[in-house]
1. Specify the residue that is farthest from the chain's Cα centre (by Cα); the eligible residues are those in segment 496-520 that are more than 22 Å from D542 (Cβ to Cβ) and among the polar types (S, T, N, Q).
2. Residue pairs, Cβ under 7 Å, 6 or more apart or interchain, first in segment 314-333 and in contact (Cβ under 8 Å) with a residue 12 or more places away in the chain, second of a type in the set (S, T, Y) and part of a helix (DSSP H, G or I). List them.
3. I'd like to know if segment 256-270 contains one or more residues that are in contact with a Leu (Cβ under 6 Å, 6 or more places away or on another chain), under 29 Å from G185 (Cβ atoms) and surrounded by 14 or more Cβ atoms within 10 Å (Cβ to Cβ).
4. Are any residues in segment 237-254 among the hydrophobic types (A, V, I, L, M, F, W, C) and either in contact with a Pro (Cβ under 7 Å, 6 or more places away or on another chain) or at pLDDT 90 or above (or both), and if so, which ones?
5. For segment 565-598, give me the residue count where each residue is free of Cβ contacts under 8 Å to residues at least 24 places away in the same chain, out of contact with any Asp or Glu (no Cβ under 6 Å at 6 or more places or on another chain) and either outside the structural domain of L540 (by TED's automatic domain parsing) or not acidic (D, E) (or both).
6. Search segment 532-545 for residues that are not assigned by TED's automatic domain parsing to the domain that holds M587 and pair each with any residue that is part of a helix (DSSP H, G or I) when their beta-carbon atoms are under 8 Å apart and the residues are at least 6 apart or on different chains.
7. Could you please tell me which pairs satisfy a Cβ distance under 7 Å, a separation of 6+ or placement on different chains, a first residue in segment 467-494 that is over 30 Å from K36 (Cα atoms), and a second residue that is not aliphatic (A, V, I, L, M)?
8. Residue by residue through segment 188-216, note down the ones that are in a loop (DSSP other than H, G, I, E, B) and in contact (Cβ under 8 Å) with a residue 60 or more places away in the chain.
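The values are calculated or read from the model by the stated rules, or taken from the named source; none is laboratory data. Treat the numbers as computed from the prediction; the structure is a model and nothing was measured. In this analysis, Cβ positions are derived from the backbone assuming ideal geometry, glycine residues included, and neighbour counts consider all displayed protein chains.
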Amino acid sequence: MKAKLWISSLLLGTAILAVAKGGDPVLMTINGKDIKLSEFEYLYNKNNQQQVEKETLEQYVDRFVLYKQKVADAEAAGIDTTELFIKEFEGYQKDLAAPFMTADTTYLWDMVNESYNRYKKEIDIDHFMLPVGANDAENAPRLAMMDSIRTCILNGEKWEDLVSRYSSDPSKQRNNGHYGFVSSGMFPYDFENVLYNTPVGTISQPFVTQYGVHMIRVNQVRDRNDVHAKHILKLFPQHATEEQKAECKAKIDSIYALLQAGAEFEKLAMAESMDGTAKRGGDLGWFGRGKMVQPFEDIAFSLADGAISEPFATQYGYHIIKKVEHGVPSLKALRPAIEQVLKRDGRLDMVEKRRLDDMKAKYNYRLDPGFEDMITKALNVTGACDSAFVSQAIKGVKTPLFTYGNKESVPVKALLGQLNPKAPVAGVDKAKDYIMSKVNVLAEKALSDYDARELVKNNPEYRNLLNEYRDGMLLFEISNRRVWKAASRDTVGLEQYYAANRSKYLWDEPHFKGIILSAKSDSVLNLVKADLNKFGADTLTDALHNKYGNDIRMERMVVKKGDNPYADYLAFHEGDKPERKGFPEFMIIEGGIIDQPQEMADVRGAVTSDYQDVLEQRWKEELAKKYPAKINKKVLKKVKR
C-alpha cells in the first residue's frame, strides 16, 4: 500500500514538472531538472504583487535560484517520498483542485443556494406517518393505506382523528400531528423536497423515506424573521435562595446602570457575563423562534435593532439583551452551518456521486461487460460475499475490472483490498450491491488520480499553484532540518559561537534572572517559605513541585525591567502588585538582579537567531557547489513584467 502511494505521488510530481511543449522554453536547469519560463513568470509576478517595493528581475533571479536549490536539497534528502509528506501533499492537492473542478463546485453551489433560499421560508405543517417496510414490496400496501387515509381527509374526515388512530409518529401524543413552523435543514433531504414542493392548503402524495411512509399537509408559509442578539447573564447559583437571587439582581442592575451611562455593552459582557458567550462580547449569533426560553425569546424579538433591554429573569438567571439586527443571516454567515447539514443528510454524497458520474463519462470509463454476470453466478453458488466467493470469483482473475482514459485499467484482483471476507454479506442482491459499491470506490480513486494528472497537464494555473505548495512544503522541512532546528539542537555550536562573540550580547541595563513562584493562597506561600532551606538548589524546583503540585506555579526567567510584571514588582520594586487569577501570592525563590549575562542560556534567543544566520550562510555556499544553476540568458529576456 505504501509503495503504491509513493509511486502515485512520484508520478504526480513528475506531471507537475512537465508542461506542454511549445511556447514554454527552459529558463534554467538545477540538479538536472528543467525549470520552464511559465513557472518562473508565475512566481515572479506573484512576488511583485505582494511586495511594497518591487524587486528587480536580477534580484529575484538570485532568490529564485536559492529557493530551487533548497528544494533540490529536500528532494535529495528524500523528504518528498515520506508517507507524512505524501499524505499532507495529497490533502493540499484535493483542496487546491476544488475550485478548478467546475462541475463539482457548480453542483455544490446549487445545493447550498437551494438550502439557503429554503431557509428563508418557514412552513407550518401537519404530519402523518406509517412504519417503513424492509423493501418496496412491503412498502406498497403501506403507501396504498396512506393514500386511502389521504382520500378520507379530502372527503372531510378530521386529520387529528385519523392521526390518533393510525399514525406511528411518536410525537403525535403531544402535537396530534401538528408540527408547527419548520424549515430547511430540520429533516432528511427527500422529506424536505416534498415539504418545499407542496402548495399551501394541499396535502402531499404519500412518500417513503428511510424513517417511514409519510404524508404532510401544508397550512401556511411565512418569511423567516430571525434575531441576532448579544446578552449579559448573571447566573443563579444552583438551588438559589431568594436572598441569592436578590444579590444576583443587584449585580445586573449595577451593570444596567453602567450601560445607561454609556459603557460599551461588549466590554461589560466580556468582563461580567457568566456564560460561554462572554469571550465573544456576549454574542449569541442568529436564532429563530423556538430556540430560546421564555421570556428571553419574546423580549429579543420585541426589541428594536440596536436597543438594549432592561434586566429580566429566566430560569437560569438575570439577563440584559442587546438586539443587533433582525431578518435572515447572510449566505456567508450561514454557509458553514448549511454545509454541515448537507454533510449530515447525505447531500454531499450526491455531489461525490455526480462527480464520479462526470468523471466516468469524461474519461470513457468501461466496466468489464462480463463482470456482473461472473459475480452473480458465483454468488448464486456461495450465497454470500465471503471467503468462498473471493476464492472463486476474485483470486487468480487477471482480466481488467474496468478501463478508462488512455488505455488505463484496474484489475479484478484489486477488489481483494476492498472486500472483507471475514465479515460476509449474505444474500445475492445485497452482496452484489456491496461488491459494486467497492468497485465504485476503486473507480473514484483511479479516476480522481487520473483527473488530477490531467488537470496538472492541461491547466497551467493549477499546475503552478500546486507546484508552489509542493515546493513550499519541501522548503519548510529542509530549512527546519538544516537551519532552524539545527541551530537550537547544536548546543556545542551555540556555546562556541557565543564564546567567540560574547561582546555582541552585552546588556544596556540590568536583568532579573531567577525563578518566581506563585501560590494559590498566602498559607501555601508560607509553607513554601518554610521549606526553602530544606532542599538543595539542584533539587529545589522538583521537590516543591512534588510536594505542592497544582497549588503552585513556577516560572524561570531572564528579563529586564518592563518585561514581566512579577519581576518588576518583586525584583525591580516597580509598580503595584499584579493580580494573577487563581494564584494571587508570589515570591522569588531563586536568583536576583545581574548586570550582564552569566552564560549563553541567558541570551539564548538572540544567540540562536544569529547562529541560524551562520548556518544559513554555510548552507547557501554548500548549495551553490552541489546544485549550480544553468540559466539561459536569452530566455530570461522573455520574462513578462
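1. Only one residue tops the list, namely S503.
2. Qualifying pairs under 7 Å: I320/Y256; L331/Y116.
3. No, because not a single residue in segment 256-270 is in contact with a Leu (Cβ under 6 Å, 6 or more places away or on another chain), under 29 Å from G185 (Cβ atoms) and surrounded by 14 or more Cβ atoms within 10 Å (Cβ to Cβ).
4. Step one: of segment 237-254, the residues among the hydrophobic types (A, V, I, L, M, F, W, C) are 240, 246, 248, 250, 252.
Within segment 237-254, A246, C248, A250, I252 qualify.
5. Residues that pass the stated criteria total 6.
6. From residues that are not assigned by TED's automatic domain parsing to the domain that holds M587, there are no pairs.
7. Close Cβ pairs (under 7 Å, with a partner that is not aliphatic (A, V, I, L, M)) amount to W484/Q612; A487/T608; A487/Y611; A487/Q612; S488/T608; G493/Y611; L494/T608; L494/Y611.
8. At the first step, the residues of segment 188-216 found to be in a loop (DSSP other than H, G, I, E, B) are 188, 198-202, 204-206, 210-211.
Selection gives P188, P206, Q210, Y211.
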